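Contents: one structure, followed by commentary.
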Amino acid sequence: MLILAKAVLAFMIGFILSILFGVVIIPLLKKMNAKQTVSVFLTKHKEKEGTPTMGGLIFIIPTIISVIILLLWNKIELTYNLGIVLFVFIAYGLLGFIDDYLIIKRHDNVGLSETQKLIGQILIALIFFLLFRLGGREPVLEIYTLGIEINLGWFYWLLILLMLVATTNAVNLTDGLDGLAGGLSAIAFLAFGMIVWASLGIEGNEDIGIFCFILVGSLIAFCFFNTYPAKVFMGDTGSLALGGTLAAVSIVSSHELTLIVVAGVFVIETLVCIIQRVSVKLTGRRLFLMTPLHHHFEKLGWHELDIVKTFWFFGIVLAAIAILWGVWI
């Protein structure tokens, strides 16, 4: 019962602070003219032109404040692993903030170039890698359920760099419909909160679990403002922070492979984009009407709400499978 009480407390603090913060910051974003510019290829989204962006601040800042409150309240401890997870959360959030700021300043849909954004993502991933390695982590891939340990050597360090960059971009690609990325991220962090909490022997497992539950509460509050019709978009500020943090949590908890299942919808969205690019380059043909995948369904005539609910459904199923595999079985 104590574990459940801690999880509920963490959730409620994140939720309440984010609701309050959202009520305050959305009018401020409007006054600052922090408006989203919709892509010319998304004709159905023209009515969304001018919706405030940078909404990721609604769950990033309250989550950080919540962690500080619980630290001062002695409810959690700032362990080494939690520290490097927080570093990733803040660093990727700042990178996304810069990108969103440039989009707003230029009044178009172009912020940092793809190369600039990729360099920033890799630099943050490299710092995480150095901190992670200084923490004494061995390059071992563990599959707890099967009792398997595989020493990957230097390939493991390459793997974690790839995970951070790939997951960050995957969440960013999925952030294209109201509530889609926010809802899927809440589901994913709820799953990882439970999985990490059960990962005995991992330094700070309980504290990282509480961080995940805080973030779930903050994300659900954000979805109150972001679900259709959205009053605010998370922007790269939110999507980069969520993707990088999701990967970081899976790495520090030694559940790297579990990430593929928990983030299954994000993975599929990314694979569809890659397949489309390869197909166009090699054959000149498009296999999908538009990518990422959620836009393909829009082109087929699906309503935005139906697409989001369907993707959420699959996100919940995959999260449940991951929890069963990583915790119960």
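The values are calculated or read from the model by the stated rules, or taken from the named source; none is laboratory data. Computed from a predicted model, the values in this text were never measured in an experiment. All Cβ positions, glycine included, derive from the backbone under ideal geometry; neighbour counts span all protein chains shown.
Assorted remarks:
- Scanning region 255-293 for residues that are assigned to a loop (DSSP other than H, G, I, E, B) and surrounded by 20 or more Cβ atoms within 10 Å (Cβ to Cβ) yields 255, 263, 291, 292.
- Residue match in region 75-95 (condition: modelled with pLDDT of 95 or more and in contact with a Lys or Arg (Cβ under 9 Å, 6 or more places away or on another chain)): yes
- When region 129-166 is limited to residues that are assigned to a helix (DSSP H, G or I) and free of Cβ contacts under 8 Å to residues at least 24 places away in the same chain, the one that is surrounded by the most Cβ atoms within 10 Å (Cβ to Cβ) turns out to be 156.
- Subset of region 84-128 (residues that are charged (D, E, K, R) and surrounded by 20 or more Cβ atoms within 10 Å (Cβ to Cβ)): 99, 100, 117
- Scope region 285-301; condition closer than 19 Å to residue 313 by Cβ, of a type in the set (A, V, I, L, M) and under 25 Å from the mean Cα position of the chain (by Cα); matching residues: 293
- Breaking point among (1) under 16 Å from the mean Cα position of the chain (by Cα); (2) among the aromatic types (Phe, Trp, Tyr); (3) over 29 Å from residue 157 (Cα atoms), for residue 211: (3)
- Among the residues making up region 171-206, those that are farther than 24 Å from residue 235 by Cα, assigned to a helix (DSSP H, G or I) and of a type in the set (A, V, I, L, M) are 194, 195, 196.
- Selection count where residues are crowded, with 21+ Cβ neighbours inside 10 Å and touching a residue at least 60 places away in the same chain (Cβ under 8 Å), scope region 206-229: 16
- Qualifying residue in region 230-245 (condition: in a helix (DSSP H, G or I), closer than 28 Å to residue 131 by Cβ and in contact with a Cys (Cβ under 8 Å, 6 or more places away or on another chain)): no
- Residue among 305, 300, 318 that is crowded, with 21+ Cβ neighbours inside 10 Å and either within 20 Å of residue 179 (Cβ to Cβ) or modelled with pLDDT under 90 (or both): 318
- Unmet requirement for residue 169, which otherwise passes all of (1) over 11 Å from the mean Cα position of the chain (by Cα); (2) surrounded by fewer than 24 Cβ atoms within 10 Å (Cβ to Cβ): (1)
- Every listed requirement among (1) in contact with a helix residue (DSSP H, G or I) (Cβ under 6 Å, 6 or more places away or on another chain); (2) over 25 Å from residue 11 (Cβ atoms); (3) modelled with pLDDT of 90 or more is met by residue 195 save one, (2).
- For region 57-82, a tally of residues being in a helix (DSSP H, G or I) and either in contact with a strand residue (DSSP E or B) (Cβ under 8 Å, 6 or more places away or on another chain) or touching a residue at least 24 places away in the same chain (Cβ under 8 Å) (or both) returns 16.
- Enumeration of residues in region 212-256 that are within 17 Å of residue 49 (Cα to Cα) and of a type in the set (Asp, Glu): 236
- Test: residue in region 190-201 that is without any contact (Cβ under 8 Å) to a residue 24 or more places away in the chain, surrounded by fewer than 18 Cβ atoms within 10 Å (Cβ to Cβ) and farther than 30 Å from residue 227 by Cα: yes
- The set of residues in region 101-130 that are within 20 Å of the chain's Cα centre (by Cα) and at pLDDT below 90 comprises 111, 112, 114.
- Test: residue 249 is closer than 28 Å to residue 203 by Cβ and buried (at least 22 other Cβ atoms within 10 Å of the Cβ): yes
- Residues that are touching a residue at least 12 places away in the same chain (Cβ under 8 Å) and small (Gly, Ala, Ser) within region 252-305 comprise 253, 254, 263, 264, listed in sequence order.
- Residue 243 being more than 18 Å from residue 8 (Cβ to Cβ) and within 10 Å of the chain's Cα centre (by Cα): yes
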